[in-house]
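A.B. asks: Attaching a single structure in structure tokens format; questions to follow.
We did not get these values from a lab; they are worked out from the coordinates using the rules stated. Values in this document were obtained by computation on a predicted structure and should not be read as measured data. Reconstructed Cβ throughout: ideal geometry from the backbone, glycine too, with neighbour counts over all protein chains shown.
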Amino acid sequence: MRSIIPLILSLSIGCVPKKDYEALQAELAASQGTVAERDATVAERDQKILSLEDALAAAQAESARLQGVIGEKEGALTSLRGEQAALLKDRSRLKSSVEEMQAALNELARRKAAADARVAEYKDLLARFKSLIDSGKLTVSIVNGRMVVQMATDILFESGKADLSAEGKVAVAEVAAVLASIPDRRYQVEGHTDDVPIQTSRFPSNWDLAAARSIGVTQAMVEAGLAPNRLSAASFSQYQPVAGNDSKEGKASNRRIEIVVVPDLSQLPGFDELNALND
């Protein structure tokens, strides 16, 4: 546009009046000013476009950065949630462990208290029978976890017989008096023999002899005042010796009456669980 207008003017200047020429010059100047203004506006807008594009690029870059930050935070949040879940699980497991340990400690304390009570009861039994022990009429011991009062049959019965001697009746009455003074306990009177067989019309075997002797002692204890519902009788014949039967002394030891303090099963571990099975 700028190059065409001067050419036209130069070609036609010779035939254009001065007045018209000046008007054209003014119009040309005005046109050139307008073009310059438009060029400036375009340049300004181009600059704004560039600035906006730069700003957009920066915003997009910031958005990408923020997306990365968000991704990192989301990853960290997921990790923290996993750690929190693990901690809650560990806390629950630890709580269970603590409860189990406390239950175990309570059970140990209960068993220790029961054991202490049994030891105290055994010491009390020894103290109650001290005079009879000192006189040699009986012994007190723990056999297979049971407290046992042991009396030699040689001071209770004649050989091969089941009728208590006078001395035997006195000894059994003394024992019964002591046992009667112990509350809430039951007793089993057990008869034992040596391995010398017996075969009479009254006692066809050692089973019968041992049974008759244990029953005789039981009856004598009832007569001495011990409640019958606290007593039972049993025969073991020759089959639970405490010594060898190859000597006179061993045979004498095996001929015996044992009065067993029947354990209180309610004090044994697992009693409540076993008892619940009957419900």
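A.B. asks: Can you tell which of Gly191, Gly68, Gly216 shows the greatest fluctuation in a Gaussian network model of the chain with Cα springs below 10 Å?
C.D. replies: Maximum fluctuation in the GNM of the chain, among the listed residues, is at Gly68.
A.B. asks: So what's the net charge close to Ala227: Lys and Arg +1, Asp and Glu -1, counting the other residues with Cβ under 11 Å from its Cβ?
C.D. replies: Spelling it out: positives minus negatives among the neighbours equals +3.
A.B. asks: Under a GNM of the chain (C-alpha, springs under 10 Å), which listed residue has the highest mean-square fluctuation: Ala210, Ala29, Ala224?
C.D. replies: So, out of Ala210, Ala29, Ala224, the one fluctuating most is Ala29.
A.B. asks: Helices from the chain with mean Kyte-Doolittle at least -0.5 and a Cα length along the axis of 30 Å or more, per DSSP H: which?
C.D. replies: Answer set is 18-128.
A.B. asks: Given Lys112/Lys169; Lys112/Lys248; Lys123/Lys169, which pairs have Cα atoms separated by over 31 Å?
C.D. replies: Violating the 31 Å limit, Cα to Cα: Lys112/Lys169; Lys112/Lys248.
A.B. asks: Taking the structure as given and computing semi-axes √(5λ) of the Cα gyration tensor in Å, which label from (1) 39, 29, 17; (2) 128, 17, 14; (3) 36, 21, 16 fits?
C.D. replies: (2)
A.B. asks: As a test, work out the antiparallel percent of DSSP beta bridges whose residues both lie in the chain, rounded to the nearest 5.
C.D. replies: Bridges in the chain that DSSP calls antiparallel: roughly 75 percent.
A.B. asks: Normalising by the residue count of region 129-263, find the relative contact order in percent from Cα pairs under 8 Å and 6+ residues apart.
C.D. replies: Relative contact order for region 129-263 comes out at 33 percent.
A.B. asks: Shifting gears a bit: Using amide H atoms built 1.01 Å from N in the peptide plane, name the residues 5+ places from Tyr187, or on other chains, whose amide H lies under 5 Å from its own.
C.D. replies: Amide H to amide H, under 5 Å and 5 or more residues apart or across chains, Tyr187 pairs with Leu231, Ser232, Val262.
A.B. asks: Same structure, new question: What's the local net charge at Leu164, with K and R +1, D and E -1, over the other residues with C-beta under 11 Å away?
C.D. replies: Residues near Leu164 contribute -1 overall.
A.B. asks: Spin-label point model (7 Å from Cα, Cβ direction): what's the Ala40 to Ile142 distance in nm?
C.D. replies: Those two pseudo-labels are separated by 11.7 nm.
A.B. asks: If you find the alpha carbon centre of region 152-180 and of region 108-149, how far apart are they in angstrom?
C.D. replies: For region 152-180 versus region 108-149, the Cα centre distance is 21 Å.
A.B. asks: Just to be sure I understand: with springs between alpha-carbon atoms less than 10 Å apart, which residue in Ser51, Ser232, Ser135 has the highest mean-square fluctuation in the Gaussian network model of the chain?
C.D. replies: Of Ser51, Ser232, Ser135, the most mobile in the Gaussian network model is Ser51.
A.B. asks: Among Ala55, Thr153, Ala40, whose Cα projects farthest towards the positive end of the dipole of the chain, with charges put on the beta-carbon of Lys, Arg (+1) and Asp, Glu (-1)?
C.D. replies: Thr153
A.B. asks: Ok, one more. Quick one: compute the contact order of the chain, relative version, from alpha carbon pairs under 8 angstrom and 6+ residues apart, as a percent.
C.D. replies: 16
A.B. asks: Moving on to the next point. Nearest 20 debye, what's the magnitude of the dipole of the chain about its Cα centre given +1 on Lys and Arg Cβ and -1 on Asp and Glu Cβ?
C.D. replies: So the magnitude is around 720 debye.
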